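J.: Before I ask anything, let me first share the structure, which is written out below as structure tokens.
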């Protein structure tokens with residue numbers, strides 16, 4: 001599960017970096033550049049939602065357990 005989360009975070013940051021690169025790069029027509037940038041941001045949002053859902057499902061199935069300060073202290 002740890003490796004999946006790390007790979008997902010790297011993919012999310014990579015997609016965000018691709019959108020930044022497309023936004024900062026010049027010389028292309030505006031509609032084409034904005035479409036690619038929107039696609040990269042949509043992938044980032046989709047990956048974030050999938051990661052959150054996987055973590056929630058893993059918690060519900062008992063694969064991961066919350067840690068930290070116990071409730072009531």
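J.: Being part of a loop (DSSP other than H, G, I, E, B) and either within 17 Å of residue 7 (Cα to Cα) or in contact with a helix residue (DSSP H, G or I) (Cβ under 9 Å, 6 or more places away or on another chain) (or both) is the filter here; which residues of the stretch 49-66 pass it?
T.: Across the stretch 49-66, the qualifying residues are 63, 64, 65, 66.
J.: Another one. Looking at 16, 20, can you tell me which residue is surrounded by 11 or more Cβ atoms within 10 Å (Cβ to Cβ), in contact (Cβ under 8 Å) with a residue 24 or more places away in the chain and in a helix (DSSP H, G or I)?
T.: 16
J.: Return yes when residue 31 is surrounded by fewer than 11 Cβ atoms within 10 Å (Cβ to Cβ) and part of a helix (DSSP H, G or I) and no when it is not.
T.: So residue 31 fits the description; yes.
Read-outs: derived from the displayed coordinates by stated rules, not from any lab. Please read all numbers here as calculations on a predicted model, not as lab measurements. Neighbour counts are summed over all protein chains in view; Cβ atoms, including those assigned to glycine, are modelled from backbone coordinates with ideal geometry.
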